[in-house]
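Colleague: Can you keep this structure in mind? I'll have questions shortly.
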Amino acid sequence: MKTKLYLATVMAFSFLLSCLAVEPVASPEAAVRAPEFKNLSDLNWDKILPDLGADSPEISILHVDPKTHATSLLIRTPKAIHVRKHWHTANESHTMIIGMATLACDGKKFDLNPGGFNFMPAKMVHEAWLPTGSLTFITVDGAWDINWVEGPPTAADLMK
């Protein structure tokens, strides 16, 4: 008799719990953890220096972390250009995908070949020379910004 009473109690309790079960609600963190897939041919590009028209380097923001604002982006150059001295609020890294860039900081120049990588600490003043058709993958560990030291590049900074 005790066994039947025990089973009936367990079954009733299980039924009660199943009636009270609530589907979990997806948290905002779950959305952050969703995978993203993008092909180069599908990206949206914006001109970085609209005054240069079709010669302006272009930027495509790939991902921005909603919490930290860390940003992954691509920059491509339809025309060779000297990117004047500037700095960013966040740490920045460059990986050359296409073309060879020359980067300079602290009075030193360094050539970055395809596949080459560098890291720039936050607020480090640097400049770059990018060839026609280059593609650079950039990450910053905060919001993307650019602070020009002597003004943005102009048509005079375009190279042949």
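The values are calculated or read from the model by the stated rules, or taken from the named source; none is laboratory data. Everything quoted here is computed from the prediction, not taken from an experiment. Heads up, the Cβs are rebuilt from the backbone with ideal geometry, glycines too, and the neighbour counts pull from every protein chain shown.
Colleague: Is it the case that THR68 is buried (at least 16 other Cβ atoms within 10 Å of the Cβ), hydroxyl-bearing (Ser, Thr, Tyr) and in the same structural domain as PRO121 (by TED's automatic domain parsing)?
Modeller: In short, no.
Colleague: Might you check whether a residue that is on the phi > 0 side of the Ramachandran plot and at pLDDT 50 or above occurs anywhere in the range 52-69?
Modeller: yes
Colleague: For the range 53-80, what are the residues that are under 19 Å from ASN147 (Cβ atoms) and of a type outside the set (Val, Ile, Thr)?
Modeller: The answer is SER56, PRO57, HIS69, ALA70, LEU73.
Colleague: Please specify each residue of the range 95-108 satisfying the condition of being surrounded by 11 or more Cβ atoms within 10 Å (Cβ to Cβ), in a strand (DSSP E or B) and either without any contact (Cβ under 8 Å) to a residue 24 or more places away in the chain or hydrophobic (A, V, I, L, M, F, W, C) (or both).
Modeller: MET96, ILE97, ILE98, ALA101, LEU103, ALA104, CYS105
Colleague: Checking PRO114 against (1) under 13 Å from MET100 (Cβ atoms); (2) without any contact (Cβ under 8 Å) to a residue 40 or more places away in the chain; (3) surrounded by 14 or more Cβ atoms within 10 Å (Cβ to Cβ), which test does it fail?
Modeller: Tallying (1) under 13 Å from MET100 (Cβ atoms); (2) without any contact (Cβ under 8 Å) to a residue 40 or more places away in the chain; (3) surrounded by 14 or more Cβ atoms within 10 Å (Cβ to Cβ), PRO114 fails exactly one: (3).
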